Amino acid sequence: MERIYNVPLRREFLKVPKYKRAKKAVVALRSFLVKHMKSENVVISKDVNEYIWDNGIENPPHHVKVLAKKEGEKVFVDLADKKESKAKLEKEKKLEKKREKTKKRKEALEENKENLEEKVEEETEEKKESEEKTAEEEKQTEAQEKETKKDNKEKSENKDKKENKE
């Protein structure tokens, strides 16, 4: 036997404090189904439970549309419309979008990291080359200075010799 019920939960969960409302809504659902399906053994599906608890313990839904199936003495309860778990689907979509964004960010960071590493390597190579060039230039300038000093010494010695001769 299969039946669809729109179970009113508000009257029951308003009788308890806010911090017990979702719990009381589940108890109210179970007692409603025990009364209407005439069986003490009621099994509430995970989807129904999650739907009731979706908005937290203080804010359960006012009504739940359920599909009750009676097999022997057991009553199995599931959501009548799977569309009712929209909140869950929306949450999953948001989580998926966040995951994609973080994935893209990580990829972008890795690319930036690689680019930075390449730039650093290029800069270090350029620095080494420039240091080598400056070292070579310094050697050349030192060699030129030595030559000019030698030339100056020779000129001064030649002048001294000429003066001494005269």
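The Cα-based radius of gyration of the chain, divided by its Kirkwood radius, gives an Rg/Rh of 1.86. Rounded to the nearest 500, the helix-only mean residue ellipticity at 222 nm of the chain stands at -23500 deg cm²/dmol, with each DSSP H run of n ≥ 4 adding -39,500 (n - 2.57).
With the highest mean first, a sort of the peptides 64-75, 113-124 on other beta-carbon atoms found within 10 angstrom per residue produces 64-75, 113-124.
Of all complete DSSP H helices in the chain, those with a Cα span along the helix axis of 20 Å or greater and a mean Kyte-Doolittle hydropathy of 0.0 or more are 21-37. Sorted fewest first by neighbouring Cβ atoms within 10 angstrom, TYR19, TYR5, TYR51 come out as TYR19, TYR5, TYR51. If you plug the beta carbon distance of LYS20 and ASP81 into 1/(1 + (r/R0)^6) with R0 = 25 Å, you get a FRET efficiency near 0.40.
The dipole here belongs to the range 83-166: it is taken about the Cα centre, uses +1 on the Cβ of Lys and Arg and -1 on the Cβ of Asp and Glu, and is about 1320 debye.
Take every DSSP beta bridge with both residues inside the range 1-109 and express the antiparallel ones as a percent of the total, to the nearest 5.
Working: 13 of 17 bridges.
About 75 percent, rounded to the nearest 5.
Here the calculated FRET efficiency for SER31 and GLU100, from their Cβ-Cβ distance with R0 = 41 Å, stands at 0.40, rounded to the nearest 0.05.
Subtracting the Cα-Cα distance of ALA135 and GLU114 from their residue separation scaled by 0.36 nm leaves 4.4 nm.
Compute the signed sum of charges (Lys and Arg +1, Asp and Glu -1) over the other residues within less than 13 Å, Cβ to Cβ, of GLU132. The answer is -3. Sorting the Cα pairs of the range 2-80 by distance into bins of 5 Å, from 0 upward, gives 3, 18, 30, 25, 15, 8, 2, 0 percent per bin.
In a shell of Cβ-Cβ distance under 12 Å around HIS62, excluding HIS62 itself, what net charge do Lys and Arg (+1) and Asp and Glu (-1) give? Local charge sum for HIS62: +3.
Restricting attention to the range 2-80, the count of lysine pairs at 8 or more positions apart or across chains with alpha carbons under 20 Å apart stands at 23.
Each of MET37, MET1 has some number of other Cβ atoms within 10 Å of its Cβ, and from fewest to most they run MET1, MET37.
All of the numbers you see were taken from the coordinates with simple rules; none came from a lab. Everything quoted here is computed from the prediction, not taken from an experiment. Methodologically, a virtual Cβ is constructed for each residue, glycine included, from the backbone with ideal geometry; neighbour enumeration extends over all protein chains shown.
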